[in-house]
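Q: One structure coming up, written as structure tokens, with questions to follow.
The values are calculated or read from the model by the stated rules, or taken from the named source; none is laboratory data. All values derive from a computational prediction rather than experimental measurement. Because the Cβ atoms are built from the backbone with ideal geometry, glycine has one as well, and the counts that use them run over all protein chains shown.
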Amino acid sequence: MIEAIYQRRSIRWFQDRPIPEAALREILRAGRQAPSPKNRQPWHFIVVFGASKTGMLAAMEEGLCRAERGEGLLAPRPGYVENARFTLRAMSEAPVTVFVMNPEGRPLRADWSAAEKVHELSDMQAIGAAAENMALAAADLGIGSLWNGNIFFAYDELRRWLCAEGELALALSLGYSAQPPSLRQMPRKPLESLVTYRS
Ligand SMILES: Cc1cc2nc3c(=O)[nH]c(=O)nc-3n(C[C@H](O)[C@H](O)[C@H](O)COP(=O)(O)O)c2cc1C
């Protein structure tokens, strides 16, 4: 398990090779196994592959065009949409993208009470754990993954296209890596700068 933690890295180039059904199921099972507040299991996984990728990519493209016009959920900042286009290319190469819906999630633009915020924050922690479980299970199976925060540039378009109950929380693309091995691993801050020990 610790080996998978250090092996995993974000993959942005994928082979044109499907993920075997058994491996995909194993990855989804690992996601389901994550801890969650009061065991709410606040997730529904939508697995997009094959022909349905076309609709997903079109929705993402539509969202990015809107962002380029200065519209949409995220105000465009220089370089951000270009970066999101890079993510879109990776999503188009990946044979599978798993969207995580939070069935009890509230729309991003909703007004929140303090209790709802706590509920949502706790659920999001669990959803993050589910995604990391999936990424680590994938790494263990020799499958690469990319966490796609840039989907929020196309939040409205993807929600409409997914047409699913609940709130769009997260997307993880999966596939066999075609990433040049020469690409360096992303550095981490020194542990000493991140940790305070109190005895
Ligand atoms: C919540 C979240 C959102 C992310 N969104 C994107 C994204 O949209 N596009 C992308 O290329 N990488 C994305 N990443 C990957 C990060 O850039 C990457 O994890 C970080 O640079 C560290 O590199 P590593 O994963 O290879 O260790 C995201 C990661 C997280 C955790």
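Q: Which numbered condition in (1) more than 15 Å from the ligand (Cβ to nearest atom); (2) touching a residue at least 24 places away in the same chain (Cβ under 8 Å); (3) assigned to a loop (DSSP other than H, G, I, E, B); (4) at negative phi is the only one that Gly142 fails?
A: Among (1) more than 15 Å from the ligand (Cβ to nearest atom); (2) touching a residue at least 24 places away in the same chain (Cβ under 8 Å); (3) assigned to a loop (DSSP other than H, G, I, E, B); (4) at negative phi, the lone unmet condition for Gly142 is (4).
Q: Something else now. Can you find a residue that is exposed (fewer than 14 other Cβ atoms within 10 Å of the Cβ) and under 19 Å from the mean Cα position of the chain (by Cα) anywhere in segment 184-196?
A: Yes, some residue in segment 184-196 is exposed (fewer than 14 other Cβ atoms within 10 Å of the Cβ) and under 19 Å from the mean Cα position of the chain (by Cα).
Q: Please go through segment 1-60 and give me each residue that is aliphatic (A, V, I, L, M) and more than 16 Å from the ligand (Cβ to nearest atom), ordered by number.
A: Hits for segment 1-60 are Met1, Ile19, Ala22, Ala23, Leu24, Ile27, Leu28, Ala30, Ile46, Val47, Ala51, Ala58.
Q: Could you grab the pairs with beta carbons closer than 7 Å, sequence gap of 6+ or different chains, first residue in segment 80-107 and free of Cβ contacts under 8 Å to residues at least 12 places away in the same chain, second one of a type in the set (Lys, Arg) and surrounded by fewer than 20 Cβ atoms within 10 Å (Cβ to Cβ)?
A: Close Cβ pairs (under 7 Å, with a partner that is of a type in the set (Lys, Arg) and surrounded by fewer than 20 Cβ atoms within 10 Å (Cβ to Cβ)) do not exist here.
Q: Name the single residue, out of those in segment 145-179 being more than 10 Å from the ligand (Cβ to nearest atom) and more than 21 Å from Pro107 (Cα to Cα), that is nearest to the chain's Cα centre (by Cα).
A: Among those residues, the one meeting the criterion is Leu174.
Q: Can you pull out every residue in segment 1-19 that is assigned to a loop (DSSP other than H, G, I, E, B) and either modelled with pLDDT of 95 or more or crowded, with 17+ Cβ neighbours inside 10 Å (or both)?
A: Residues satisfying the conditions are Arg8, Arg9, Ile11, Arg12, Trp13, Gln15, Asp16, Arg17, Pro18, Ile19.
Q: If you scan segment 73-95, which residues turn out to be within 16 Å of the ligand (Cβ to nearest atom) and under 27 Å from Arg29 (Cβ atoms)? Break it down stepwise before answering.
A: First, pick out the residues of segment 73-95 that are within 16 Å of the ligand (Cβ to nearest atom): 73-74, 76-77, 79-94.
Within segment 73-95, Thr87, Ala90, Met91, Ser92, Glu93, Ala94 meet the criteria.
Q: Between residues in segment 1-21 that are of a type in the set (Phe, Trp, Tyr) and residues that are assigned to a loop (DSSP other than H, G, I, E, B), which pairs lie under 6 Å by C-beta distance while being six or more apart or on different chains?
A: So the pair list comes out as Trp13/Ala178; Trp13/Gln179; Phe14/Ala94; Phe14/Ala178.
Q: Continuing with the same structure: Is it the case, given these coordinates, that Lys53 is at pLDDT 95 or above, in a helix (DSSP H, G or I) and at positive phi?
A: no
Q: Exactly one condition in (1) at pLDDT 95 or above; (2) assigned to a helix (DSSP H, G or I) is not met by Gln41; state its number.
A: (2)
Q: Quick check: is even one residue across segment 80-94 among the basic types (Lys, Arg) and in a loop (DSSP other than H, G, I, E, B)?
A: No, every residue in segment 80-94 fails to be among the basic types (Lys, Arg) and in a loop (DSSP other than H, G, I, E, B).
Q: Let me ask something additional. So which residues in segment 4-29 are closer than 13 Å to Ser173 by Cα and charged (D, E, K, R), if there are any at all?
A: Arg9, Arg12 - these are the residues of segment 4-29 that are closer than 13 Å to Ser173 by Cα and charged (D, E, K, R).
Q: Select from segment 121-138 the residues that are buried (at least 21 other Cβ atoms within 10 Å of the Cβ) and more than 14 Å from Val100 (Cβ to Cβ) and write down the one among them that is nearest to the ligand (Cβ to nearest atom).
A: Ala138
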